[in-house]
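Peer 1: Here it is, the structure, as structure tokens.
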Amino acid sequence: MRLFALLCSLGVWAGLWTTGALATAPAPQADIEKSFQVALDPGERSISGTLVLRLPKDSEAEPLTFTLASGLSLERAEQAGSTLDWEETDAGGYRLNAPDPQSPLTLSWKGQLASQLPGGGYWSEDNLWLSGQLAWYPRLETRAPFAADIEVVTPDSIETVVSGHWLGTASQDNQRQSRFAHPQARQLSLAAGRWQAATRDIAGDGTESVTLRTLFPERLSAGFADTYLDAAERALQLFQQRLGPYPYSSFTMAASSRPIGFAFAGFTLLGEQVIALPFIPHTSLPHELMHGWWGTAIQATPGQGNWSEALTTYLADYAMAAQKGEEGALRQRWLTDLNALPEADHLALQDFGYHRQPQDRLIGYQHGAMLFYMLEEQIGTDAFDSALGQLIEQQRFGQANWQDIQDAFEDTSGQALGGFFDAWVAQPGRPAVSMDTPRLEETPEGFRVTFNLSQTARQHDRHDDEERRWPLRLPVDIHYAQGETDRTWLSLETASERFTLDTRERPTRMVIDPDYQVLRQLPNAPETLRELSLAAETRWLRLGAYQDLPLPRGATELDSLPDDLTTTPLWVIGTPDEIAKWWDDQGLEAQAQPPAEQPQDAPDGTLWRQPGTQLGIISAPTPQAAMRLVRGLRHWGSASYVVLNDNDTQRGTWESEPALQHTF
């Protein structure tokens, strides 16, 4: 770190660094090197900086083009003590004529940025986020990776985080300086805020330690910093046992004033509103931490499918559920969520990029995670983990596509997996599996069960390919009167096959895929809130006191009551009395009653989907409770009902029997 070495040699900032200052900057792994010195003034929305650029010495002299975001301008370009001329090619575009690759090139820029920025970024006096897609520094036209060291100077009340390794922070003369490094970046994101910092060093098992850091506003830091540090420590130790050392020397959890949740190299931004939610440290946080391996250290090749969300969901969300013995319930919930997809929204996994639509995310996250679960079941954990290690070793700080993923698992398993990946990655949808009535007959050796299994594509998919088939490995459990169970596995790769199972004793029941281990459409899946949320034709009706209550973004108000309230997706929101009166006026059947943990007390609020209908009800005695239920819908999609009591949330699904089974 040339700039840091110079500052230390001059005695500047020496001895003032906080925890993290002794971290060693990683050796550059890219031919292009960039050294940044950036100054931020959040109150003025101003930024100024100097970039020292070192190009590969064996490269030819050629024009250098780069861009700066709107509001920023190039102030100076120097090389070997001489000032260079430049031309502005278009709005924010610059061109330098053939700088010498043998000498470092220095670019200086400054300006003011808007409060709302492209790529979702923002800038306020207390909190800002400059996304990597925004040219808040001179962004070269080439997207080649670069080694970066970054030093950011802010007022002393402002903390900063930048993509990569956090190397330390120091304060002097009412200023705060933070140092960061990245061995092989393609873009850099920066966030800053009026935050309090809390840190914890986690010793590695035979590896370098990792510094965990929270950057929360004072009101959140006091109550939640330790919670997040504890949760991050547990998840980090669990993940490193399987994947090896975390790719960065630090992991920072920073608060955003906006309702976002993003992962970057070495840090995550979490919305202030969700930090206090009790489940976030155990769900969203481990997911964002896992992205340190998949999605940041190894990125999905642009335009070739985003596999990183699928692998992250499996290795983080599923692993955390397994720690609590809830992995079977999670698989069932994933399949139930996928069942809720509208018929026209079955995207192929390879076509999932960085979509933000909920229906696309179900494919990229849940469908993809189930794929990796089935893959591990097929090739075994040793081969699966070896493939992960191979990817980390060969692709670290690089990019990979679905073919690279397939190649790694084929290398370590020795299996040809083209059919598996073609079916579950390139092919849209999931099969519906059906069974005819099994025939049971007695034999000299015991009993014989004969039955047909069939698989069909969803009839109304937007994809006209009725010949779609999937290579299915289906577990079958045979139950006996004494309580014993035998399990066997059947392969179904054609539209329909006939199977025969021989048993020594008379079976009492047979269940296909009882533990939800296969990607498929569930028969008789629980009716959930998610189906109403995903349906494009869903409308909202606000009664009486809540006619001015804000609705979720994108919600459509009901113009007039449909002829059939049971088949038209509709949310109705009102007070308990208003809901009861409206219900009676419509002549509907009796309301469902979500079970309450304290039945003697009226709940603070209730929402549910009426069984057998497309009708959702939000019943709340106060506007505050009503808004809490409306905001929570995005988190509760897998449930059929939610009951609020004080600060407690009770949720569940209506009873259903989605199992594919037969009783003899």
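Peer 1: Give me the Debye-computed log₁₀ of I(q)/I(0) at q = 0.09, 0.10, 0.21 Å⁻¹ for the range 224-367, equal point scatterers on Cα only, no solvent, two decimals.
Peer 2: Taken in order of the listed q values, log10 I(q)/I(0) reads -0.28, -0.35, -1.46.
Peer 1: Over the range 364-507, with the other protein chains present, what is the accessible area per residue in square angstrom, probe 1.4 angstrom?
Peer 2: Per-residue accessible area for the range 364-507 comes out at 48 Å².
Peer 1: Any chance you could run the full-extension gain for LEU490 through ASP90? It's 0.36 nm times the residue separation minus the Cα-Cα distance, nm to one decimal.
Peer 2: Here the answer is 137.7 nm.
Peer 1: Right, here's the next one. Please compute the per residue accessible area over the range 109-223 with all protein chains in place, 1.4 Å probe, rounded to a whole number of Å².
Peer 2: 36 Å²
Peer 1: Sorted by average packing, counted as other Cβ atoms within 10 angstrom per residue and highest first, what order do 577-590, 51-64, 637-650 take?
Peer 2: Highest to lowest by the protection proxy: 637-650, 51-64, 577-590.
Peer 1: Next question, about the same structure. Given the Cα-Cα distance of ASN645 and GLN237 and 0.36 nm per residue of separation, how much length would full extension add, in nm?
Peer 2: My answer for the length gained is 143.4 nm.
Peer 1: Could you give the dipole magnitude of the chain about its Cα centre, charging the beta-carbon of Lys and Arg +1 and that of Asp and Glu -1, in debye to the nearest 20?
Peer 2: Roughly 1080 debye, rounded to the nearest 20.
Peer 1: Something else about it: Please compute the net charge surrounding ALA300, taking Lys and Arg as +1 and Asp and Glu as -1 over other residues with Cβ under 11 Å from its Cβ.
Peer 2: Around ALA300, the surrounding residues sum to -2.
Peer 1: OK, next. Ignoring ligands, DNA and RNA, what percent of the accessible area of the range 235-371 is carbon or sulfur (1.4 Å)?
Peer 2: 50 percent
Peer 1: Something else about it: How large a share of the accessible area of the range 109-211, in percent, is made up of carbon and sulfur atoms when the probe is 1.4 Å and the other protein chains stay in place?
Peer 2: 40 percent
Peer 1: Related question: Excluding same-chain residues fewer than 8 positions from LYS34, which lysines have a Cα within less than 27 Å of its Cα?
Peer 2: Cross-link targets: LYS57, LYS110.
Peer 1: What is the Cα centroid distance between the range 55-82 and the range 246-310, reported in whole angstrom?
Peer 2: Going from one Cα centre to the other spans 32 Å.
Peer 1: So with the 1.4 Å probe, I'd like the accessible area per residue for the range 535-583, rounded to whole Å².
Peer 2: 56 Å²
Peer 1: Let me test this: with uniform point scatterers at the alpha carbons of the range 277-356, what is the Debye-based log₁₀ I(q)/I(0) at q = 0.10, 0.19, 0.24 1/Å?
Peer 2: -0.29, -0.98, -1.23
Peer 1: Label points 7 Å out from Cα along the Cβ direction at THR283 and ALA580: separation in nm?
Peer 2: Between THR283 and ALA580, the label points sit 3.2 nm apart.
Peer 1: Modelled label-to-label distance, ALA98 and GLN390, 7 Å Cα→beta-carbon offset: nm?
Peer 2: Once both label points are built, they end up 4.7 nm from each other.
Peer 1: Would you mind listing how long the chain runs along its three principal axes, going by Cα atoms, in whole Å with the largest first?
Peer 2: Dimensions of the chain along the principal axes of its Cα atoms: 93, 65, 47 Å.
Peer 1: Right, here's the next one. I'd like the trypsin sites (Lys or Arg not before Pro) in the range 341-440 restricted to DSSP loop residues with at most 12 other Cβ atoms within 10 Å, sorted by number.
Peer 2: ARG356
Peer 1: Where the convex hull is taken over the Cα atoms of the range 297-417, what is its projected area averaged over directions, in nm²?
Peer 2: If you wrap the Cα atoms of the range 297-417 in a convex hull and average its projections, you get 7.7 nm².
Peer 1: Plugging the Kirkwood radius over Cα pairs into Stokes-Einstein for the range 450-564, at a temperature of 20 °C and a viscosity of 1.002 mPa s, what D comes out in µm²/s?
Peer 2: D, rounded to a whole number, is 113 µm²/s.
Peer 1: Select from the chain the helices, each a whole stretch of DSSP H, whose alpha-carbon atoms run 27 Å or more along the helix axis and whose Kyte-Doolittle mean is at least -1.0; answer none if there are none.
Peer 2: 218-243
Peer 1: Run the accessible area of the range 387-477 with a 1.4 Å probe and give the carbon-and-sulfur part as a rounded percent.
Peer 2: Here carbon and sulfur together make up 39 percent of the probe-accessible area.
Peer 1: Quick check on the range 76-217: what does the Kirkwood estimate of hydrodynamic radius come out to from the alpha carbon pairs, in Å?
Peer 2: It works out to 17.5 Å.
Peer 1: Binning every alpha carbon pair distance of the range 530-664 at 10 Å from zero, what are the percents per bin?
Peer 2: For the range 530-664, the pair-distance distribution reads 11, 44, 34, 8, 2, 0.
Peer 1: Let me know the volume per residue of the alpha-carbon convex hull for the range 163-309, in Å³.
Peer 2: 123 Å³
Peer 1: Still on this structure: If you take the charge dipole of the chain about its Cα centre, with +1 on Lys and Arg Cβ and -1 on Asp and Glu Cβ, which of ILE158, GLY266, GLN241 is farthest toward its positive end?
Peer 2: Projecting each Cα onto the dipole axis, the largest value belongs to ILE158.
Peer 1: Run the numbers for THR567 and SER108: contour at 0.36 nm per residue of separation, minus the present Cα-Cα distance, in nm.
Peer 2: 159.0 nm
Peer 1: Given a Förster radius of 35 Å and the C-beta distance between GLN357 and ARG506 as r, what FRET efficiency does 1/(1 + (r/R0)^6) yield to the nearest 0.05?
Peer 2: So, using R0 = 35 Å, E works out to roughly 0.10.
Peer 1: Name the long-range amide H neighbours of PHE352: under 5 Å, sequence gap of 5 or more, or other chain; modelled H, no Pro or chain starts.
Peer 2: ASN306
Peer 1: Sorted by mean Cβ packing within 10 Å, highest first, what order do the peptides 265-273, 371-379 take?
Peer 2: So the peptides 265-273, 371-379, ranked by packing, come out 265-273, 371-379.
The values are calculated or read from the model by the stated rules, or taken from the named source; none is laboratory data. Please read these numbers as outputs of a predicted model, since none were measured by experiment. Glycine gets a Cβ as well: all are built from the backbone with ideal geometry, and neighbour counts include every protein chain shown. Surface accessibility is based on the protein's heavy atoms, side chains included, excluding ligands, DNA and RNA. Shrake-Rupley method; radii C 1.70, N 1.55, O 1.52, S 1.80 Å.
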